[in-house]
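Colleague: Pasting in a structure now, in structure tokens, and then I'll have a few things to ask.
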Amino acid sequence: MALLQTGIAKSTAADYTIDQSLRFNAADDAYLSRTPSASNRTQWTVSVWGKIDVGEVFTIFNTSYDDDNDNFLTFGLLAGGQLDVLWRQGSATSRKIRSNRLFRDSSAWMHYFLSCDTTDDSSSNRLRVYINGEEITSWATDDRSNIAKDSNLPVNAAVEHLVGYLPTVNNKTGGYLAEFHFIDGQTLTPSSFGETDSTTNQWKPIEYTGSYGTNGFYQKYASTELAN
């Protein structure tokens, strides 16, 4: 069961606050899913706050396999703490970007951000990952050169999209997620969702005021219905 939690990511009364989160227990069958209609597969953005259970896989977002060609994409942390984006696109070979840096702090909320723009002339800009507003540029593996310009990645295909679960290998999220945004048709930056506090120098959430596109969504986790 995914459990609703309260009192998350508050700072001062004048700031934007995230009041609740959703807890995912890796031992349970807890996840969220939907199957959208096909939409923009070249430009999209994922923004979410997360708090990990150390030693557990932290599957943030993924698409199921496309029945026709087994394409997919998944975004999250490996059990050892490496941040990982794994995808298959028009071939039998899986590609990935996997960070050198390890993320193992179970006490901290972090802002996870993934953007896609396959229309960009630079292959290194076609998938970009940020943690707390800072782009990750040091990768143990970086296969982004295999993403052809203007090509379609699996996100926004008419297949099941999941939050908190990678069913093909039974990887379930261990930890908490909050303030989940998916933006269809736009390649945004973290500044649309967060900013650096001038006093503490820490990254903090701000209210997103933009549009979501055809398949975009915002999961606030503010209703007890989500806990069922």
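The values are calculated or read from the model by the stated rules, or taken from the named source; none is laboratory data. These figures come from a predicted structure and were not determined experimentally. Cβ sites come from the backbone with ideal geometry, for glycine too, and all protein chains shown count toward neighbours. Areas reflect the complete protein model, heavy atoms only, side chains present, ligands, DNA and RNA absent. Shrake-Rupley method; radii C 1.70, N 1.55, O 1.52, S 1.80 Å.
Colleague: Which one, Y65, A79, T189, is farthest towards the positive end of the dipole of the chain when Lys and Arg carry +1 and Asp and Glu -1 on their Cβ?
Modeller: A79
Colleague: Moving on to the next point. So which lysines can K172 reach, going by Cα to Cα under 30 Å and dropping same-chain residues fewer than 8 places off?
Modeller: Excluding near neighbours in sequence, the set is K10, K51, K96, K204, K220.
Colleague: Another question about this same structure. Less than 11 Å Cβ to Cβ from N146, Lys/Arg counted +1 and Asp/Glu -1: what total charge do the surrounding residues give?
Modeller: Working: positive: R88, R95, K96, R126, R144; negative: D142, D143.
Local net charge: +3.
Colleague: Given contacts defined as C-alpha pairs under 8 Å and at least six residues apart, what's the relative contact order of the chain, whole-number percent? Walk me through the intermediate numbers first.
Modeller: Working: 591 pairs, mean separation 69.3, N = 228.
It rounds to 30 percent for the chain.
Colleague: Give the whole-number value, in cubic angstrom per residue, of the convex hull volume spanned by the C-alpha atoms of the stretch 116-228.
Modeller: Details: hull volume 20.2 nm³, N = 113.
Taking only Cα atoms, the stretch 116-228 has a hull volume of 178 Å³ per residue.
Colleague: Could you state the accessible area per residue of the chain in Å², with a 1.4 Å probe and every protein chain left in place? Show your work: numbers first, answer last.
Modeller: Numbers: 10210 Å² over 228 residues.
Accessible surface, normalised per residue, equals 45 Å².
Colleague: Taking Cα pairs under 8 Å and at least six residues apart, what relative contact order does the stretch 129-228 come out at, in percent?
Modeller: Working: 73 pairs, mean separation 27.2, N = 100.
Computed over the stretch 129-228, the figure is 27 percent.
Colleague: Another question, if that's okay. Dividing the Cα radius of gyration by the Kirkwood radius, what Rg/Rh value follows for the chain?
Modeller: Working: Rg = 16.6 Å, Rh = 17.7 Å.
Answer for the chain: 0.94.
Colleague: For a quick check: with amide H placed at 1.01 Å from N, whose amide H comes under 5 Å from G216's, ignoring anything fewer than 5 positions away on the same chain?
Modeller: Close amide H contacts, sequence-distant or interchain: D184.
Colleague: Same structure again: About its Cα centre, what dipole magnitude does the stretch 23-135 give when the only charges are +1 on Lys and Arg Cβ and -1 on Asp and Glu Cβ, stated in debye to the nearest 20?
Modeller: It works out to roughly 200 debye.
Colleague: While we're on this one: Is there a quick way to get the dipole size of the chain? I mean about its Cα centre, with the Cβ of Lys and Arg at +1 and of Asp and Glu at -1; what is the value in debye to the nearest 20?
Modeller: Charge dipole, the chain, about its Cα centre: 280 debye, nearest 20.
Colleague: Could you work out the mean projected area of the convex hull around the alpha carbons of the stretch 110-163, in square nanometres to one decimal?
Modeller: That works out to 4.7 nm².
Colleague: Heavy atoms only, probe 1.4 Å: what % of the accessible area of the chain goes to carbon and sulfur, would you let me know?
Modeller: In the chain, the share of accessible area belonging to carbon and sulfur is 41 percent.
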